Amino acid sequence: MIRAENISKSFAGRRVLTDISAIFEPGKTNLIIGKSGSGKTVFLKCLVGLLDVDEGEIYYDDVAFTRLDFRGKKELRQQMGMLFQGSALFDSMSVEENVRFPLDMFTSMSYQEKLDRVNFCLDRVNIVDSNRLFPSELSGGMKKRVAIARAIVLKPKFLFCDEPNSGLDPKTSIVIDELIREITVELNMTTIINTHDMNSVMENGEKIIFIEDGEKCWEGNKNEILKSDCSKLNDFVFANSLARQLKDSSV
Amino acid sequence: MFRFLSGFGSYWILLGRVFARPEKHSIYYRQTMKELVNLGLRSIGIVTIISFFMGAVITLQTAYNTENPIYPTYLIGLGARDSILLEFSSTIVALILAGKVGSNIASEIGTMRVTEQIDALELMGVNSASYIILPKVVATVVFNPFLTLISMITGITGGWVVGTAAGVITSQNYIYGIQYAFIPYYITYALIKTVVFAFIISTVSAYQGYYVEGGSLEVGRASTKAVVYSSVTLLLFNVILTQLLLS
């Protein structure tokens, strides 16, 4: 479980996050939604410690992450996996080397054990016969899947996904969504997905937090979102006429 | 002034992280070997070509500027040797490497920054500064002295080939000149300078790349800054080291 308490963050005097509190539960896909520039990526980066918070606390299973020193954060980070918006695969490494990298760095497994684990993870994300390919030779969807394989290779307790569907077609997006959901349940991870893709919200939204202008405006799940009377949320979720019709009919 | 001091402070903080204890020595060793090939071996070609022609031009210019019966012709070889050993093979080659290696380091690290690869390393719990920069620093500091030695040899050879071909000096006089009043310390001096220059080139360029913010345009700017700042710093240290080591 991850608990964020009263998180605030500013850049050069400009407040980007204001007093955000949230609880992200294990075994569930927790979504942070909001329009572009609302502060959701900053919030996610604060949660993983890539940015330091100005105020507030972040707890990982009751460990105060924000109070840990460099070494403590480093140890805790080995329990985290992250899927970046642009996949962030290492250009100079092949698919196999990318996925093997955390194993090389943090385990004393034999080469064969590492290879077995890499192949298992690649197989799990449906990447076959591509071990020797380099990131530049992969499609956007394949890159995302390899990045997921790398993120889960150390069996993390916490998985973070920053806009996992950006740049993908709707069908591939659904495949990635399903994959993340399945893996979350399999590994009983606390998964936090940062997205503004409404298909993802409707597919994966077991818990949803809506951020607008750096403030948490709404919290609920995919069923409650249809009945919400939060005007800011409705403006965001039901931005097009088809979605508005859907909401009207559901109400 | 504040920006300069802030940047200077960030540079030293980054160096502190670069020289932290490596997570896994075997991986750092492998990375260092890769960088030795990338930054060292792949620079041999350009260093050899430039040094050969540099030696040739130094010899010709020395010859044409000392066309006086009072001066023995072997002084052409001596002049070429001392110019190459004292300045050209260390400083000029270092300036060329600041362009080649420095821009390579800054653009590679800058691209890793803007494509979130550095964030990915940090998130895994890897000291990204050390993992990315330390092998490059070690590779340049270890390999650049060899490049300087190669430059010395090819520079002097270039002077001999072109000097004798142009008929400005005989082979015998040139060889006598390059042996005459030879001070071995000059080589030590050049190698000490090379090690310092290699450290400056790799760390200043890495700093420029590591703190890039933005996109490809900023990576290009960082690459240019890396070459300019490392060249200027290198020239400043050239004066300091010359005074310290030769006075």
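The values are calculated or read from the model by the stated rules, or taken from the named source; none is laboratory data. Since this is a predicted model, take the numbers as computed values, not measurements. Methodologically, a virtual Cβ is constructed for each residue, glycine included, from the backbone with ideal geometry; neighbour enumeration extends over all protein chains shown.
If the condition is being farther than 13 Å from residue B:122 by Cα and within 14 Å of another protein chain (Cβ to nearest Cβ), then region A:32-45 contributes A:41, A:42, A:44.
Can you tell which of B:40, B:7, B:55, B:77 is farther than 24 Å from residue B:195 by Cα and touching a Phe, Trp or Tyr at 6+ places or on another chain (Cβ under 9 Å)? B:77 is the lone residue from the list that is farther than 24 Å from residue B:195 by Cα and touching a Phe, Trp or Tyr at 6+ places or on another chain (Cβ under 9 Å).
What strands (runs of 3 or more DSSP E) completely inside region A:20-111 contain at least 3 residues that are over 27 Å from residue B:30 (Cβ atoms)?
Ranges flagged: A:29-33, A:55-60.
Annotation: of all residues in region A:89-105 being aliphatic (A, V, I, L, M) and surrounded by 24 or more Cβ atoms within 10 Å (Cβ to Cβ), the one that is farthest from the other protein chains (Cβ to nearest Cβ) is A:95. Filtered by the rule that a residue be more than 14 Å from chain A (Cβ to nearest Cβ) and either touching a strand residue (DSSP E or B) at 6+ places or on another chain (Cβ under 7 Å) or among the polar types (S, T, N, Q) (or both), region B:1-31 gives a lone residue, B:10.
Just checking: which of the helices (runs of 4 or more DSSP H) contained wholly in region B:76-125 hold 2 or more residues that are within 14 Å of chain A (Cβ to nearest Cβ)? Talk me through it step by step, then tell me what you get.
On the way: elements: B:93-97, B:103-114, B:117-124.
By residue number, B:103-114, B:117-124.
Among the residues of region B:211-236, those that are part of a helix (DSSP H, G or I), hydrophobic (A, V, I, L, M, F, W, C) and either more than 17 Å from the chain's Cα centre (by Cα) or surrounded by fewer than 17 Cβ atoms within 10 Å (Cβ to Cβ) (or both) comprise B:217, B:219, B:222, B:228, B:232, B:235, B:236.
Across region A:89-101, a minimum of one residue is classified as at pLDDT 90 or above, within 17 Å of residue A:142 (Cα to Cα) and among the aromatic types (Phe, Trp, Tyr). Condition (residue is in a strand (DSSP E or B) and either within 24 Å of residue B:27 (Cα to Cα) or among the hydrophobic types (A, V, I, L, M, F, W, C) (or both)) applied to region A:161-183: is it met by at least one residue? Among the residues of region A:161-183, at least one is in a strand (DSSP E or B) and either within 24 Å of residue B:27 (Cα to Cα) or among the hydrophobic types (A, V, I, L, M, F, W, C) (or both), which makes the answer yes. Filtering region A:53-88 to residues that are within 14 Å of chain B (Cβ to nearest Cβ), more than 28 Å from residue A:144 (Cβ to Cβ) and of a type in the set (Asp, Glu) leaves only A:69. Filtering region B:33-56 to residues that are more than 14 Å from chain A (Cβ to nearest Cβ), surrounded by 15 or more Cβ atoms within 10 Å (Cβ to Cβ) and closer than 28 Å to residue B:131 by Cβ leaves B:36, B:40, B:43, B:44, B:46, B:47.
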